[in-house]
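Written out below as structure tokens is the structure these notes cover.
Please treat every number below as a calculation from the coordinates, not as lab data. Here the structure is a predicted model, which is why all the values come from computation and not from measurement. Glycine gets a Cβ as well: all are built from the backbone with ideal geometry, and neighbour counts include every protein chain shown.
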2 protein chains.
Amino acid sequence: MQRKTNRERTETTRARLLEAGRALFVSKGYADTGTPEIVATADLTRGALYHHFPDKQALFAAVVETEAAAVAAEIEQAVPMTLDAVSALLTGGEAYLSVMQQQGRARLLLLDGPSVLGRARMDEIDDAHGNRTLREGLEAAMNAGALKPLPLDALTVALGAMFDRAVLALIDGGDLRDQMAVLGAVIKGLQK
Amino acid sequence: MQRKTNRERTETTRARLLEAGRALFVSKGYADTGTPEIVATADLTRGALYHHFPDKQALFAAVVETEAAAVAAEIEQAVPMTLDAVSALLTGGEAYLSVMQQQGRARLLLLDGPSVLGRARMDEIDDAHGNRTLREGLEAAMNAGALKPLPLDALTVALGAMFDRAVLALIDGGDLRDQMAVLGAVIKGLQK
DNA sequence: TTGCATACATGCAGCCTGTATGTTAATTAA
DNA sequence: TTAATTAACATACAGGCTGCATGTATGCAA
């Protein structure tokens, strides 16, 4: 009589590794978090970790991906679908600034992520989650004729960078009103 | 009869450590560069390194600072003082994109730098070099009435972020024309 | 039920960082 | 000038961490 199927075991173990990894990565950063500490937090051994992930970096990538998905979900939830295109952009932007301030999300997704995984890998993750939302918003606005026609990918990247940087500025004591004034002015300047 | 004064020794040793560190940091990144390899490249021992720098991170910080200064100098040289404010911004921006593509400068200054040293420390360095140029350009443009009045610091940070991100996009195969189209449109949109 | 694969745990080897200690040469004091 | 001191390194060591290799027990499939 079996207590647990292998599939269940794997699932819960992976979940606990991800949770423990997330907790430590956001609070202490990637470099200062050791695998012994991660598995201790998860009440496991390093054997389990290296059974489920090829290396520490792979666990980190999984954590980043999960977190990016969570951020994207929280934002989509915060933007009512009734808004016009430009308002949706601004509302989504403000939601992003708010959502990204939680815990060490900024360090995880904006500092360690690009450095550890590389910008190319990070782009893939962003494109699958956060940036996708932004691009769709921009595309809708351009199609509605509210924005000047511009290369969509480049525009997405540029605006995304501004919002990311605003998040970091806010964390380091920047003024929200100032940041939003600039972001708003840039978007306004791009309207037709 | 002395062959070398202590001051000279220190100076050349520090210079060689910085040079070796730079070469390795830009080509392999911070995490994958060990101090044994650095000192071997510099034909020294780890004793010398730890005599001149408290730790590996401090050497890295010194390398970053030196490189940031070099970038700033190259840009100022590329922008003729005869240009009007907005043209100077665009010219300087293009110079920045070009200058930052050398070697692994982007990784050093845009990826590893913020992650290893933290955004706050990195801001200090930027403010002393690259961002200073940008801020002065923006201030001049605003004072000349060419740009809408906006919080200067926030605007500097936002535009700087766009240019930084454009650099990374170009390295990963992005199209220069697209990037410049967006950057130009944003700046145009901020004109009065 | 019997053989294999899965899901781990344990133990090991190599590397790296930071520090403590030694040694030589330059600088200062007497 | 010479003795004492300090600076500039080199060498040796301790601790920790990563990745892999090996061991073990349990689910699973034939």
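Please report the relative contact order for chain B, taking Cα pairs under 8 Å with a sequence separation of at least 6, and give it as a percent rounded to a whole number. Can you show the working numbers first?
Working: 146 pairs, mean separation 38.8, N = 192.
Over chain B, the number comes to 20 percent.
For the stretch A:60-190, the extents of the C-alpha atoms along the principal axes are 41, 30, 24 Å, listed from largest to smallest. Annotation for residue A:127, label-to-label distances across the other copies: 3.7 nm (shortest first, one decimal, point 7 Å from Cα along Cα→Cβ). For a paramagnetic label modelled on residue B:55 (point 7 Å from Cα along Cα→Cβ), amide N atoms under 20 Å away belong, within the stretch B:92-131, to B:112-125.
Of all beta-carbon atoms in chain A, the one sitting closest to the axis that brings chain A onto chain B gives A:189, 1, with the distance in whole angstrom.
Based solely on its DSSP helices, what 222 nm [θ] is calculated for chain A when runs of n ≥ 4 H residues each add -39,500 (n - 2.57) and the sum is averaged over all residues, nearest 500 deg cm²/dmol? List each step's numbers first, then the result.
On the way: 10 runs with 139 residues, N = 192.
Helix-only estimate at 222 nm: -23500 deg cm²/dmol.
Over the stretch B:1-53, all Cα pairs binned in 5 Å intervals from 0 give whole-percent P(r) values of 4, 21, 29, 22, 12, 6, 4, 2, 1, listed from short to long. Compactness ratio for the protein assembly as shown: Cα radius of gyration over 2.2 N^0.38 Å (N = residue count) comes to 1.09. Summary for residue B:5: label point 7 Å along Cα→Cβ; distances to the equivalent points in the other copies, ascending, 8.0 nm.
Within straight-line reach of residue B:148, meaning a Cα separation under 22 Å, sit the following lysines at least 8 residues removed in sequence or on another chain: A:148, A:188, A:192, B:188, B:192.
First obtain the Kirkwood hydrodynamic radius of the stretch A:83-152 from its Cα pairs, then insert it into the Stokes-Einstein equation at 10 °C and 1.306 mPa s, and state the resulting D in µm² per second as a whole number. So the translational diffusion coefficient is about 119 µm²/s.
Among all helices in chain B defined by DSSP H, which have a length of 24 Å or more along the axis from Cα atoms plus a Kyte-Doolittle mean of at least 1.6?
Correct list, ordered by number: B:152-171.
Between their Cα atoms, which of A:28/A:56; A:4/A:56; A:4/A:28 are more than 25 Å away from each other? Distance filter (> 25 Å) returns A:4/A:56; A:4/A:28. Rounded to the nearest Å, what's the spacing between the alpha carbon centres of the stretch A:41-55 and the stretch B:18-90? Just the number, please. The distance from the Cα centre of the stretch A:41-55 to that of the stretch B:18-90 comes to 37 Å.
When Cβ neighbours within 10 Å are restricted to other protein chains, what is their mean count per residue of peptide A:172-179? Kindly include the intermediate steps, with their values, before the conclusion.
Values: counts 4, 1, 4, 3, 1, 2, 8, 6.
So the per-residue partner count for this stretch is 4.
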